[in-house]
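Trainee: Once you've had a glance at the structure underneath, I'll fire off some questions.
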Amino acid sequence: MTLIKSISGIRGTIGGRYADNLTPLDIVECVSGYAFMLKQETKIPTVVTGRDARISGAMVSQIAINTLISCGVNVIDLGLSTTPTVEMAVTHHNAQGGIIFTASHNPKQWNALKFLNGTGEFISAAQGESILESIKTKDWEYSDVDSLGTVSEDPDAVDRHIDAILSLPYIEVNAIKAKNYSVVVDCINSTGAMSIPPLLDKLNCKYSLINSDMTGDFAHNPEPLAKNLIDLCNSVKTYRADLGIAVDPDVDRLALIDEKGQLIGEEYTLVLAADYLLPIIGGTTVSNLSSTRALADIASKHNTTYHASAVGEVNVVNTMKANGANIGGEGNGGVILGDLHYGRDSLAGIAITLSKLATSGESLSSIRASYPDYTIIKNKIQLTPEIDIDKLIQSLEQEYADESLNKVDGLKINFKQGWVHLRKSNTEPIIRVYAESSSSEAAESLASKVMKSADRIINS
């Protein structure tokens, strides 16, 4: 069982002991720290809340909402929702912050609190540090009975979110409607089941849903990887659909299945989006260091530039803003449109994908075949208290000093035939080890080489 308190929020497994797991006491502490951080700037802040459908969601959200009330914070609760919907609702309501109750791709025993600022974006590292310091001191004074916060609801948030996407000038609504596309959606028994159908309805798409009961009892591991999407791939073939869609529980990551039932892969969601948008809106594009080099190739194809950021949505967003990029994201299927909101958004990604299909007249498999063919493989090293990660990275730097190294976020080793990126996870007690090359075998070979070096260093 695990608890991780970091500058980006709190994440852990439900049950167990205080400070070791995500317990009610841990939730109260972290929400109190967040609330009193907001109250330093605004006497009576407003916070928007929403959750995915995981089993513990109602419990966690109710504890957090009542903690906010006790701190004198007003709450606008969306209830079951999506991460991008909550982000957009923060700015719609001119709120001072937001909390999303979701553990993203983690299995059902996990939950988390993701804290937003007043622009609907993830809080900064400095704000995260201030919350952690506040938790240490617990110098909080809760509100008396006449100063408690209030709770209201916003049942229209998802519809408003969808309408904002469809009003974007480059979403070809009429062209999509004319195609009458057939789509299969894996809703992972979470809130994709209540957010994706209304989008597809407005685009005149026929659709079939699998895993559409919003119980939070996930039908498979919720990370949208090939091994977890076999039923979706088969369903696309069974229904002879034009497209398959997989989202994670909070609907900010998007994986695509082509009409042949083949997984396009999360990495190419952003590549497709950039390929469609760059000729229309121009500008540059951004992804993180662990994302495919295919995005840089697409940027070059459209005579523009590409920028790499440290891993983490907030880092991608900061790099987008610094370079005036309107399209960016992460290789985990996260598409960010700056003129919609600065957050990963599967619903926007779906609309862009359908626009690309409708305007090109091509199938998804044909579009994918036109892109550079790289393969990323993902491994991990389990962290234990005995592992000194800083020492490990320094030793690997020395061992691979003859290669091109990037130390912006962990260590990225650029070989002639590909790259390997090692970095400590912000959400799990692991070192993530990603590698990319021209084939899975070549990527595995690079990763194996570096992981053997790491294992030797750890055990020396």
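Trainee: Kindly indicate the residue of segment 428-460 that is of a type in the set (Ser, Thr, Tyr) and surrounded by fewer than 19 Cβ atoms within 10 Å (Cβ to Cβ) and also farthest from Ser291 (Cα to Cα) among those meeting that condition. If you could, list the steps in order and put the result at the bottom.
Mentor: As a first pass, look at segment 428-460 and keep what is of a type in the set (Ser, Thr, Tyr): 434, 437-440, 445, 448, 453, 460.
Restricting the remaining residues to those that are surrounded by fewer than 19 Cβ atoms within 10 Å (Cβ to Cβ) gives 438-440, 445, 448, 453, 460.
Numbers: Ser438: 14, Ser439: 15, Ser440: 15, Ser445: 18, Ser448: 19, Ser453: 23, Ser460: 31 Å.
Here the answer is Ser460.
Trainee: Where in segment 257-337 are there strands (runs of 3 or more DSSP E), lying fully within it, with 1 or more residues that are aromatic (Phe, Trp, Tyr) and free of Cβ contacts under 8 Å to residues at least 40 places away in the same chain?
Mentor: Numbers: elements: 285-288, 306-309, 327-330, 334-337.
The qualifying strands (runs of 3 or more DSSP E) are 306-309.
Trainee: Exactly one condition in (1) touching a strand residue (DSSP E or B) at 6+ places or on another chain (Cβ under 6 Å); (2) surrounded by 24 or more Cβ atoms within 10 Å (Cβ to Cβ); (3) not β-branched (Val, Ile, Thr) is false for His93; which is it?
Mentor: Result: His93 passes all but (2).
This table checks each residue for (1) among the hydrophobic types (A, V, I, L, M, F, W, C); (2) in the same structural domain as Ser355 (by TED's automatic domain parsing).
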residue	(1), (2)
Ala95	yes, no
Phe101	yes, no
Trp110	yes, no
Leu113	yes, no
Gly120	no, no
Ser147	no, no
Thr150	no, no
Glu172	no, yes
Asn180	no, yes
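Trainee: Right, next: Going through segment 265-313 one residue at a time, which ones are among the β-branched types (Val, Ile, Thr) and more than 17 Å from the chain's Cα centre (by Cα)?
Mentor: Applying the first criterion (among the β-branched types (Val, Ile, Thr)) to segment 265-313 yields 269, 271, 280-281, 284-286, 292, 298, 304-305, 311.
If the condition is that a residue be among the β-branched types (Val, Ile, Thr) and more than 17 Å from the chain's Cα centre (by Cα), then Ile280, Ile281, Thr284, Thr285, Ile298, Thr304, Thr305 are the ones that fit.
Trainee: How about segment 150-202: which of its residues are closer than 27 Å to Ser104 by Cα and of a type in the set (Asp, Glu)?
Mentor: Correct list: Glu153, Asp154, Asp156, Asp159, Asp163, Asp186, Asp201.
Trainee: Please go through segment 414-432 and pick out each residue that is at pLDDT 95 or above and either in a loop (DSSP other than H, G, I, E, B) or of a type in the set (Val, Ile, Thr) (or both).
Mentor: Listed by number, the list holds a single entry, Val420.
Trainee: Could you list, in sequence order, all residues of segment 1-24 that are of a type in the set (Lys, Arg) and assigned to a loop (DSSP other than H, G, I, E, B)? Before you say what the answer is, go through the steps one by one.
Mentor: The initial filter retains those residues of segment 1-24 that are of a type in the set (Lys, Arg), namely 5, 11, 17.
Of everything in segment 1-24, just one residue is of a type in the set (Lys, Arg) and assigned to a loop (DSSP other than H, G, I, E, B), namely Arg17.
Trainee: Search segment 376-392 for residues that are buried (at least 17 other Cβ atoms within 10 Å of the Cβ) and pair each with any residue that is of a type in the set (Asp, Glu) and in a helix (DSSP H, G or I) when their beta-carbon atoms are under 7 Å apart and the residues are at least 6 apart or on different chains.
Mentor: Going by the 7 Å Cβ cut-off, the qualifying pairs are Ile376/Glu267; Ile377/Glu444.
Trainee: Condition (residue is modelled with pLDDT of 95 or more, under 19 Å from Glu121 (Cα atoms) and part of a loop (DSSP other than H, G, I, E, B)) applied to segment 25-38: is it met by at least one residue? Before you say what the answer is, go through the steps one by one.
Mentor: Going residue by residue through segment 25-38, those that are modelled with pLDDT of 95 or more are 25-38.
Applying the additional criterion that residues be under 19 Å from Glu121 (Cα atoms) yields 30-31, 33-38.
When the remaining residues are screened for being part of a loop (DSSP other than H, G, I, E, B), the result is none.
No, that holds for no residue.
Trainee: With the structure loaded, tell me whether Ser460 is of a type in the set (Gly, Ala, Ser) and either in a strand (DSSP E or B) or in contact (Cβ under 8 Å) with a residue 12 or more places away in the chain (or both) or whether it fails that test. Steps first, please.
Mentor: Values: of a type in the set (Gly, Ala, Ser): yes; either in a strand (DSSP E or B) or in contact (Cβ under 8 Å) with a residue 12 or more places away in the chain (or both): no.
Answer is no for this residue.
Trainee: Among the numbered criteria (1) touching a residue at least 24 places away in the same chain (Cβ under 8 Å); (2) within 14 Å of Leu289 (Cβ to Cβ), which one does Lys407 miss?
Mentor: The one condition Lys407 does not meet is (1).
The values are calculated or read from the model by the stated rules, or taken from the named source; none is laboratory data. Just so we're clear, the structure is a prediction, and the values are computed from it rather than from any experiment. Positions of Cβ are generated from backbone atoms using ideal geometry, with glycine treated the same way; all protein chains shown enter the neighbour counts.
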